[in-house]
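Written below as C-alpha cells is the structure these notes are about.
The values are calculated or read from the model by the stated rules, or taken from the named source; none is laboratory data. What you see is a predicted model, and the numbers here were worked out from it, not measured in a lab. As a convention, Cβ positions derive from the backbone with ideal geometry for all residues, glycine included, and neighbour counts pool all protein chains shown. What goes into the accessible areas is simple: the full protein's heavy atoms, side chains included, and nothing from ligands, DNA or RNA. Shrake-Rupley method; radii C 1.70, N 1.55, O 1.52, S 1.80 Å.
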Amino acid sequence: MAMTAAQINAFKTASGNIDISVLYLVSVGLLLCVLFLWAAWAAVDVCHGWANIKVRDAALARFVIRSVALLIVCIWMFAS
C-alpha cells in the first residue's frame, strides 16, 4: 500500500527530512549484516565443535542447511 502525500510529508518532518527509501536500505542492510555476522559466528563455533568431535556430521549438515535457508529467505523477502 503506497503512502499518501500527507503521510510522506509527515514522515519526512518527523524523521528529520530523511527519505523513506534511505531508511529502508539502512534497516535492510543492518538486518543482513547482523544475519551474516551471526551465521559466521555460528559456523566458526560449529566447526570448532566438529573438529573436537563434539558435533556430529548430521548436526553440521542441518546447521548449514538451516543457515543458508535463513539467509536466502531473508534476502528474498527483504532485499529484493
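Some notes on this structure:
- Accessible area of the chain belonging to carbon and sulfur atoms, whole % at 1.4 Å probe: 73
- Near-label residues of the range 47-68 by backbone N, under 18 Å of a point 7 Å along Cα→Cβ of Leu35: 63-68
- The chain: most fluctuating residue of Ala14, Ala69, Ala40 per GNM, C-alpha cutoff 10 Å: Ala14
- Pairs of Cα atoms nearer than 8 Å and 6+ residues apart set the relative contact order; for the chain it is 27 percent.
- The range 49-80: trypsin sites (Lys or Arg not before Pro) in DSSP loop, at most 16 other beta carbons within 10 Å: Lys54, Arg56
- Full-extension gain in nm, Asn9 to Ala43, via 0.36 nm per residue minus C-alpha separation: 7.8 nm
- The residues of the chain have, on average, 80 Å² of accessible surface per residue, using a 1.4 Å probe with all protein chains present.
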